[in-house]
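Everything below concerns the one structure shown next.
None of the figures in this text is laboratory data; all of them are computed from the coordinates on show. Because the structure is a prediction, the values reported are computed rather than measured. Here the Cβ is made from the backbone with ideal geometry for all residues, glycine too, and neighbour counts use every protein chain on show.
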Amino acid sequence: MTQPVLNKDAALVIKGLTKHYPIPKQRALRVALNDLTLSVDGGQIFGFLGPNGAGKTTTIKMLLGFIRPTSGDAWLFGKHITDDNSREKVGYVPEQPYFPKFLTALETVRAHGVLSNLSGREAAIRADKALEQVNLFDFRYSPLSKLSKGQTQRVALASALIGDPTLLILDEPSSGLDPVGRKELRDLLQQLKTQGKTIFLSSHLLSEMESVCDQVGVLALGKLVACGRPSEIVQARDQVAVEIEQAKQDDVLAKHVADWGGEIEQSSAGSPRLLVPSARLDALINLIQQGHGRLLAVTPQRETLEDAFLRLVS
Amino acid sequence: MYSARHVKAMTILAISVLISMSGVSMPTFTTLSTSRAEASSPPVQLDPDGDDPREDTTYHWQLPGFASDEHRQTAGAFAIIVFLAASGAARRAVMRRKLP
Amino acid sequence: MNTLRHISVIAHITMIEGARKQIFHVLMLFALFLIAVSTMLAVFDHNVQIKIVTDLCSVAIMLSSGIIAITLNSSGTTQEVESKTIYPVLAKPVSRWQFVVGKYLGTLGTVTIGMLIMMAAFAAILQCTQGSINAKIFLVMPYLLLEAAILGAVSQFFSTFSSPPLAWFMTIVIFLIANFKFGLSSYLNAPTHDVVSRFAGLVLYQALPNLECFDFKDSLVHGLTVPTGYLISTAVYGIVYTCCVLSISSAIFARKEL
């Protein structure tokens with residue numbers, strides 16, 4: 001894979017970021033992240049994909065200063081990650097947010113507002129708005145011990161949004177959310193994008209990433225194996241799927257499909273599904289119209305992001 | 001090669017080390033001060049052991065002495081604070097110079 | 001300004017959290033029990049009784065506030081890391097040292113609350129036994145708080161690199177040694193000891209705080225004056241020593257990987 005071109009004015013710039021961990025009782029190092037280089041332009045939604053143990057959370061932890069890189073650098077809005085002020089306009093939602101249980105939702109969000117360099121009064125005003133934005137205003141006086149996992153996730157999101165961050169870093173934001181919650185999250189992310197915010201999110205829900213992200217980066221075993229638009233990463237398939245209805249099995253049709261290099265599979269409805277090269281579509285339709293079945297559907301075949309992901313990390 | 005911040009940090013460090021090494025010595029506080037009644041009373045004859053016979057021999061106390069050790073510790077602790085602050089500031093100054 | 005805001009928010013949350021902890025309630029009940037029981041132990045004539053009650057109550061306050069400070073600080077930072085409540089905080093533009101100082105000041109606030117309650121109980125006991133309250137006796141209380149502050153800082157220092165039980169234990173050992181520091185010095189500097197032991201003794205002697213100088217309650221109990229210079233020197237010593245230990249803790253915590 002060719003190294004992505006770094007935009008020095010980008011919201012997030014990562015250059016050669018590497019993290020090694022010593023393996024206990026062995027004179028060896030475990031490579032958690034290996035020479036990661038990428039940049040995320042402002043106003044984009046960047047999806048960070050990878051299987052478990054690929055190095056996604058390690059990357060995020062280094063960006064936020066929780067752990068130190070073995071080598072390499074990163075900048076948030078031009079400020080080096082070792083500068084505490086680099087996180088001034090950054091909002092972070094961890095995969096599993098934990099807060100002191102005795103605080104209410106409002107107190108938690110307000111406290112994070114002050115930690116985001118807001119005054120007490122400003123934090124109080126914005127806390128209400130942030131909780132409204134995540135549909136948790138009615139539960140603002142509930143202690144966190146009484147909230148569900150999904151509601152706690154929303155409190156975390158509100159805490160991240162209260163400082164009006166320009167960059168949002170979300171680690172598996174959909175985990176713990178029901179389908180309605182996920183839809184609301186997708187809508188919220190699009191709304192934040194229209195406000196000019198940059199979003200850097202890691203997720204396993206690839207179907208959602210495909211519809212939401214402008215750019216994606218795929219990590220495998222600590223290395224960046226692909227980076228670009230989803231349409232650039234998925235490979236085009238020169239195939240169509242033709243679903244037909246047949247009274248009985250037709251050997252003529254099967255022979256032609258085999259000669260063309262295609263295959264026959266069963267659809268979910270139990271009817272035959274013929275996968276053939278796009279160039280043979282007209283010939284196949286003529287055959288079907290000659291009495292070899294009834295045409296039900298024609299669907300162009302393309303690689304999904306999930307297919308591309310599995311191909312890249314295998 | 002060194003920025004003004006580095007020079008300032010090192011100067012503060014050097015001054016603090018010099019102060020702590022000069023062995024700041026202060027007079028040692030010994031026992032407690034006497035009350036007004038005792039101060040106005042005539043001089044007391046000490047007994048052969050050197051003790052004040054007016055003192056309660058069954059419950060003998062003394063104000064804990066604040067010796068020069070504590071002053072030296074105070075200066076040393078202050079030097080450590082300044083050293084850590086200066087080294088932290090110097091490290092942050094070096095990191096800020098790294099440009100993307 | 002932002003630094004003060006960060007520290008005050010963290011301290012505020014820590015203080016409330018500390019005051020809600022069961023261990024704090026238990027230690028407070030124990031201290032109040034000791035203060036109440038002191039009247040039963042003093043069965044002498046009136047003057048001696050006042051002195052013994054004052055002595056016992058002051059010791060109860062000193063021990064309780066010290067143990068509360070040690071216990072809350074030994075687990076505070078470690079607990080935040082283990083429970084992962086530290087991540088949303090440090091993801092903000094909050095420095096590691098602001099977090100350490102905020103946590104420390106929060107637990108000190110909890111200790112202060114406890115001490116105020118104990119002082120109120122002490123004053124009530126004095127009122128009941130003496131019929132009046134001698135305000136001079138309370139002059140030692142800020143210095144007992146300063147002693148607790150030093151112990152809390154030492155406890156937090158150990159907690160940055162060891163487990164909470166070990167940090168608690170090591171601080172208690174230092175509490176005991178530092179209260180007998182001069183006696184230890186003469187023992188360790190005896191010419192019969194080998195060079196290594198004497199060097200170790202010298203290092204310990206120079207590094208450990210002298211906690212004896214904060215406890216001048218005996219003078220106050222016997223109605224004697226404490227020199228102003230002594231009070232100022234002791235206060236400065238306590239504050240600078242505490243700040244030094246906090247600085248070292250912050251430096252260690254800043255290098256820690258979470």
What 222 nm value per residue comes from the helices of chain C, counting each DSSP H run with n ≥ 4 as -39,500 (n - 2.57) and dividing by all residues, nearest 500 deg cm²/dmol?
-> -26500 deg cm²/dmol
Per residue of A:83-91, what is the mean number of Cβ atoms on other protein chains within 10 angstrom of that residue's Cβ?
-> 4
Among A:Lys56/C:Lys256; A:Lys129/A:Lys197; A:Lys193/C:Lys256; A:Lys193/C:Lys92; A:Lys129/A:Lys193, which pairs are too far apart, with a Cα-Cα distance over 27 Å?
-> A:Lys193/C:Lys256
Hey, what do the phi angles of the range A:195-201 turn into as Karplus ³J(HN,Hα) couplings, whole Hz, using 6.51/-1.76/1.60 and θ = phi - 60°, x for Gly and Pro?
-> 7, x, 7, 9, 10, 10, 10
With a Förster distance of 41 angstrom and the Cβ-Cβ distance between A:Lys223 and A:Ser268, calculated FRET efficiency to the nearest 0.05 equals 0.65
Note, the range C:87-92: 3J(HN,Hα) by Karplus (6.51, -1.76, 1.60, θ = phi - 60°), whole Hz, Gly/Pro = x, goes 5, x, 6, 6, 6, 7
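Nearest 5 percent is fine: what portion of the DSSP beta bridges confined to chain A is antiparallel?
Once the DSSP bridges in chain A are tallied, antiparallel ones form about 70 percent.
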If you average the sequence gap of Cα pairs under 8 Å that are 6 or more apart and divide by the length of chain A, what percent do you get for the contact order?
-> 19 percent
Indicate the gyration tensor shape class of chain A (rounded, prolate or oblate), computed on the Cα atoms with a ≥ b ≥ c the square roots of the eigenvalues: a/c under 1.5 is rounded; otherwise a/b larger than b/c is prolate and the rest oblate.
-> prolate
Just subtract the alpha-carbon distance of A:Glu245 and A:Asn52 from 0.36 nm times their residue separation and send over the number in nm, one decimal.
-> 65.3 nm
Considering amide H positions built from the backbone, and no H for Pro or chain starts, which residues 5 or more places from A:Leu12, or on another chain, come under 5 Å of its amide H?
-> A:Val40, A:Phe77
Under DSSP H, which helices of chain C have Cα atoms covering 15 Å or more of the helix axis and a Kyte-Doolittle average no less than -0.5?
-> C:2-19, C:22-41, C:46-82, C:96-130, C:141-159, C:164-178, C:195-207, C:228-254
Percent relative contact order of the range C:2-255, based on C-alpha pairs within less than 8 angstrom and at least six residues apart?
-> 27 percent
Quick one: what are the phi-derived ³J(HN,Hα) couplings along the range B:79-92, Karplus 6.51/-1.76/1.60 with θ = phi - 60°, whole Hz, x for glycine and proline?
-> 4, 5, 4, 5, 4, 5, 5, 5, 5, x, 5, 5, 5, 5
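Report relative contact order for the range C:1-80 in percent, whole number only (criteria: Cα-Cα under 8 Å, sequence separation at least 6).
Answer for the range C:1-80 is 28 percent.
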Using alpha carbon centroids, what distance separates the range A:46-93 and the range C:72-86, in Å?
-> 23 Å
Between A:Leu219 and residues 5 or more places away or on another chain, which pairs have amide H atoms under 5 Å apart, with H built 1.01 Å from N, and which residues are they?
-> A:Leu49, A:Gly50, A:Val225
Burial ordering of C:Ser247, A:Ser211, fewest other beta-carbon atoms within 10 Å first | A:Ser211, C:Ser247
Mind giving me the FRET efficiency for A:Asp128 and C:Phe180? R0 is 60 Å, r the Cβ-Cβ distance, nearest 0.05 is fine.
-> 0.60
List the aspartates and glutamates whose alpha-carbon lies under 20 Å from that of A:Lys15, not counting same-chain residues fewer than 8 positions away?
-> A:Asp35, A:Asp41, A:Asp73, A:Asp83, A:Asp84
If we count other beta carbons within 10 Å of each Cβ, what is the order of A:Lys193, C:Lys103, fewest first?
-> A:Lys193, C:Lys103
To the nearest 10 degrees, the tilt of helix A:179-194 (Cα long axis) against the first principal axis of the alpha carbons of chain A is 70 degrees
Within straight-line cross-link reach of C:Lys21, lysines at Cα separation under 20 Å, skipping those fewer than 8 residues along the same chain | A:Lys101, A:Lys146, C:Lys84, C:Lys103
Treat each spin label as a single point 7 Å out from the Cα along the C-beta direction, and report the C:Glu257 to C:Lys51 distance in nm.
-> 6.1 nm
Which residue, C:Gly131, C:Gly109, C:Gly238, tops the fluctuation ranking in a GNM of chain C built on C-alpha contacts under 10 Å?
-> C:Gly131
Rounded to whole angstroms and listed largest first, the alpha-carbon spread of chain C along its three principal axes comes to 62, 51, 33
Return the long-range amide H neighbours of A:Gln301 (sequence gap of 5 or more, or a different chain), with a cut-off of under 5 Å between placed amide H atoms.
-> A:Gln239, A:Val240, A:Ala241
In what sequence, highest mean first, do C:61-69, A:278-286, A:40-48 appear when ranked by Cβ atoms within 10 angstrom?
-> C:61-69, A:40-48, A:278-286
Spin-label proximity, C:Val37 to the range C:106-120 - amide N less than 14 Å from point 7 Å beyond Cα toward beta carbon = none
Would you work out if the range A:221-279 is rounded, prolate or oblate? Take a ≥ b ≥ c from the square roots of the eigenvalues of the alpha-carbon gyration tensor; rounded if a/c is under 1.5, else prolate when a/b is larger than b/c, oblate otherwise.
-> prolate
Gained length - C:His25 relative to C:Ala200, 0.36 nm times residue gap less alpha-carbon distance = 59.1 nm
In peptide C:235-243, what is the residue-averaged number of other protein chain Cβ atoms found within 10 Å of each Cβ?
-> 4
Stretch gain in nm, segment A:Thr304-A:Ser71, where the contour uses 0.36 nm per residue and the Cα spacing is subtracted | 80.4 nm
